[in-house]
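Here's the structure, in structure tokens; my notes come after.
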Amino acid sequence: QVQLVESGGGLVQAGGSLRLSCAASGRTFSSYAMGWFRQAPGKEREFVAGISWTGSSTTYTDSVKGRFTISRDNGKNTLYLQMNSLKPEDTDVYYCAARYPRYSDYEGTYRYWGQGTQVTVSS
């Protein structure tokens with residue numbers, strides 16, 4: 001079992017930055033690939049970024065490439081998402097998720113999920 005808790009969301013103006021964190025507890029965090037997803041009301045959950053269990057491999061959806069950076073600190077059991085140059089269309093609830101062994105952009109393959117953190121970008 002892995003428990004995931006997101007934090008760091010909030011209200012920011014367009015062009016601003018936020019850093020989301022996802023604290024993990026339970027089974028060995030470093031064994032899992034991790035992903036960030038986001039979801040707006042009435043819409044399907046969307047893949048944002050993924051990272052391998054070592055942190056050496058990452059992937060991003062096209063709309064956030066060059067603006068968002070996913071990273072992890074296995075010593076601290078924490079996943080991060082640095083979000084820069086935020087746009088109003090980035091407004092969503094952001095979720096972290098864990099999957100074994102590799103990351104995927106398909107949400108149905110992730111076993112563990114956090115409760116989500118709201119990010120709101122004002123224009």
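Worth pointing out:
- First in segment 14-32 and closer than 27 Å to residue 90 by Cα and in contact (Cβ under 8 Å) with a residue 12 or more places away in the chain, second anywhere and loosely packed, with under 12 Cβ neighbours inside 10 Å and basic (Lys, Arg), Cβ under 9 Å, 6 or more apart: 32/111
- Exactly one residue out of 85, 21, 63, 56 is of a type in the set (Ser, Thr, Tyr) and within 18 Å of residue 112 (Cβ to Cβ): that is 21.
- Taken together, the residues in segment 1-20 that are hydroxyl-bearing (Ser, Thr, Tyr) and part of a strand (DSSP E or B) amount to 1.
- Considering 71, 104, the condition of being under 13 Å from the mean Cα position of the chain (by Cα), without any contact (Cβ under 8 Å) to a residue 24 or more places away in the chain and closer than 15 Å to residue 34 by Cα is satisfied by 71 alone.
- Qualifying residue in segment 87-100 (condition: among the polar types (S, T, N, Q), in contact with a Ser or Thr (Cβ under 6 Å, 6 or more places away or on another chain) and at pLDDT below 95): no
- Of all residues in segment 113-123, exactly one satisfies the criterion of being farther than 19 Å from residue 19 by Cβ and either modelled with pLDDT of 95 or more or open to solvent by less than 60 Å² (accessible area, probe 1.4 Å) (or both), namely 113.
- Candidate set from segment 74-112 (those that are assigned to a strand (DSSP E or B) and open to solvent by 40 Å² or more (accessible area, probe 1.4 Å)); member that is nearest to residue 52 (Cα to Cα): 99
- Restricting the first member to segment 108-123 and to residues that are on the phi > 0 side of the Ramachandran plot, and the second to residues that are of a type outside the set (Asp, Glu) and in a loop (DSSP other than H, G, I, E, B), the beta-carbon pairs closer than 9 Å and six or more apart or on different chains are 116/9.
- Search result, residues across segment 32-65 that are on the phi > 0 side of the Ramachandran plot and more than 14 Å from the chain's Cα centre (by Cα): 42
- Residue list for segment 113-123, filter: in a loop (DSSP other than H, G, I, E, B) and touching a helix residue (DSSP H, G or I) at 6+ places or on another chain (Cβ under 7 Å): 123
- Residue count, segment 37-52 (criterion: closer than 16 Å to residue 112 by Cβ and out of contact with any Asp or Glu (no Cβ under 9 Å at 6 or more places or on another chain)): 1
The values are calculated or read from the model by the stated rules, or taken from the named source; none is laboratory data. Please read these numbers as outputs of a predicted model, since none were measured by experiment. FYI the Cβ positions are ideal-geometry reconstructions off the backbone, even for glycines, and counts take in every protein chain you see. Just so you know, the surface numbers come from the protein's heavy atoms only, side chains and all, with ligands and any DNA or RNA stripped out. Shrake-Rupley method; radii C 1.70, N 1.55, O 1.52, S 1.80 Å.
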